[in-house]
1. Quick one: in the stretch 346-387, of everything that is modelled with pLDDT under 90 and surrounded by fewer than 17 Cβ atoms within 10 Å (Cβ to Cβ), which residue is farthest from ligand 3 (Cβ to nearest atom)?
2. Being under 15 Å from GLU248 (Cα atoms), more than 16 Å from ligand 3 (Cβ to nearest atom) and aliphatic (A, V, I, L, M) is the filter here; which residues of the stretch 285-308 pass it?
3. Hey, does the stretch 394-412 have a residue that's assigned to a loop (DSSP other than H, G, I, E, B) and either within 13 Å of ligand 1 (Cβ to nearest atom) or open to solvent by 70 Å² or more (accessible area, probe 1.4 Å) (or both)?
4. Go through the stretch 404-443 and give me each residue that's within 16 Å of ligand 2 (Cβ to nearest atom) and within 18 Å of ALA364 (Cβ to Cβ).
5. Of all helices (runs of 4 or more DSSP H) completely enclosed by the stretch 144-251, which ones contain at least 1 residues that are open to solvent by 40 Å² or more (accessible area, probe 1.4 Å) and not assigned by TED's automatic domain parsing to the domain that holds ARG79?
6. Identify the single condition in (1) within 16 Å of ligand 3 (Cβ to nearest atom); (2) open to solvent by less than 30 Å² (accessible area, probe 1.4 Å); (3) assigned to a loop (DSSP other than H, G, I, E, B) that ALA424 does not satisfy, given that it satisfies every other one.
7. Listed residues ALA175, ALA187; which is closer than 25 Å to THR70 by Cβ and touching a strand residue (DSSP E or B) at 6+ places or on another chain (Cβ under 9 Å)?
8. Do we find a residue being open to solvent by 30 Å² or more (accessible area, probe 1.4 Å), within 16 Å of ligand 2 (Cβ to nearest atom), within 24 Å of GLN327 (Cα to Cα) and modelled with pLDDT of 95 or more anywhere in the stretch 271-278?
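The values are calculated or read from the model by the stated rules, or taken from the named source; none is laboratory data. For clarity, every value in this text was computed on a predicted model and none was experimentally measured. Cβ: placed from backbone, ideal geometry, glycine included. Neighbour counts: every protein chain shown. In case anyone asks, the SASA skips ligands and DNA or RNA and just uses the protein heavy atoms, side chains included. Shrake-Rupley method; radii C 1.70, N 1.55, O 1.52, S 1.80 Å.
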Amino acid sequence: MGEPASGALSQALLGGLLVLGASILLFFSIRLLAFSRQRALALVEERTGELRHQALHDSLTGLPNRTLVTDRAEQMLARADREPIVPSVLFIDLDNFKDINDSFGHQRGDQLLRAVAGRLAGLVRPGDSVGRLGGDEFVVLVQGRPADPGPEAVAERVLEGLAEPFHLEGMDGVALTVEASIGVASASPGQSTDELLRDADVALYEAKRGGKGRHMLFRPDMRLAVQDHLAIAMDLRHAIAKGELFVEYQPTFELGTLVIAGVEALARWRHPTRGLVAPDQFIPVAEDSGLIAALGKYVLASSCQQGAAWARAGHPLQISVNVSGHQLESEDFAAQVSETLAVSGLDPGLLTLELTESVLMRDADTSVRRLQALKKLGLKVAIDDFGTGYSSLARLRVLPVDALKIDRSFVAGIVGSRQARTIAGSLVQLGKSLGLQVFAEGIEDEDQLAQLERLGCDYGQGFYYSRPLRPEVLAERFHLGRPLPGVPAL
Ligand code: C2E
Ligand code: MG
Ligand code: MG
């Protein structure tokens, strides 16, 4: 009889064990569930934190981005209502970053931006913020105290800090120097964040326009200057059609004989109410607004017609025309030049296109290809404003150019400073060693002329010899034959 009893017992035991097993399983499942829920929650939180960080920080430098900077600026302004602080904003823009990026590559450019970010962060006080607005634009929020020397002192410190050479990893022996422009604005009572940031931006625009490498404190009249820029852009749009643009020609000459060597075509704009507007004012506007294509086309066509007219009158003169980077970049530029030459009848050998050193070095390989296509037309190419860019000898050697024009900033100090003389001398020698014609720009007096001749420079241009002139005045002064066939406006 023991058998069935023990069978029942073992059955009960088995049942108990099963229940126990199930309970344990259930217990652990619940624990596991709770645990994974916790994990999941933690993970979600972690990811959200990361995403929030990503949304508010710049991925390259790790600095706060525009959104976070704006938020912090708002907080700073709110604090100023309660505490005696003077909120200020610095907008910082690197002046030569594009050149560095183009010369050394994007990776180096990124490396430099990270280094700049690190240096800026080290230059400000705890409580102040550094952010990146994008590209080569940075921002600093300064919570000034009443006894502080003011935000311009911070701007000065930033400029000095950035001027220290950067030694980037993997660039043995090459130190990069960074120049920056800074716009500074301090909050006035009741001002909104947007207004404060906009003021700093306007001051930055003025700092750049004023010659870069400097800081500028916002003044209300600066807003007018920005409106002016916009107004110029609007008027320029119609200037060509209305015949307000014209070309003046400035002779170049042989230093030794003072004989005219050629002429440079320089765009002029007679505005109906502003009078003569300088190219330094309207060429940058034309470049920003895309109008440079039409303007460049007009100057080229007008100059080629004028050159052909002088040649027909028995005075073949070398005509130099300035070409902007935008024109060189356009795919059909060579075709356009070819057509203009054909229409005007100008001998291609009499046309020189001037491109600035910084444009040519922006993307040296593409420049070589574009210049080769142009040179196939039989024209000449000159490097303008030479000495102000970042060319290396190796890059210069491969550029198919015929002449270089030493920037007038090197000529300006040539009489008073031995150092300036040495630099000008080495630029002349550099050009000559590459077999190029060397021109010096901006010769204003006899002493400069004599120094340049001594340094071995062959050609020059400047007010000493002649200012830019209307074609009929030039023709009369240099006996280029009269009467001149008129050059119709396009
Ligand atoms: P750039 O090509 O270097 O032209 C020489 C500039 O130096 C001219 O200024 C000329 O008037 C000025 N200059 C000549 N001799 C002297 C001198 O002895 N002393 C001083 N202080 N200046 C002298 P401008 O006509 O005001 O033109 C300024 C710049 O605007 C030009 O510099 C050129 O980069 C640009 N530009 C002018 N016309 C055109 C154009 O048709 N197309 C393009 N893309 N740029 C142009
Ligand atoms: Mg020029
Ligand atoms: Mg020049």
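1. Here the answer is ASP365.
2. Residues satisfying the conditions are LEU295, LEU300, ALA301.
3. Taking the stretch 394-412 as the starting set, the residues that turn out to be assigned to a loop (DSSP other than H, G, I, E, B) are 399-402, 407.
In the following step, the residues that additionally are either within 13 Å of ligand 1 (Cβ to nearest atom) or open to solvent by 70 Å² or more (accessible area, probe 1.4 Å) (or both) were identified as 407.
Within the stretch 394-412 (the criterion being assigned to a loop (DSSP other than H, G, I, E, B) and either within 13 Å of ligand 1 (Cβ to nearest atom) or open to solvent by 70 Å² or more (accessible area, probe 1.4 Å) (or both)), the answer is yes, since at least one residue qualifies.
4. Answer for the stretch 404-443, where residues must be within 16 Å of ligand 2 (Cβ to nearest atom) and within 18 Å of ALA364 (Cβ to Cβ): LEU404, GLY431, LEU436.
5. 221-239
6. Exception for ALA424: condition (3).
7. Answer to the selection: ALA187.
8. No.
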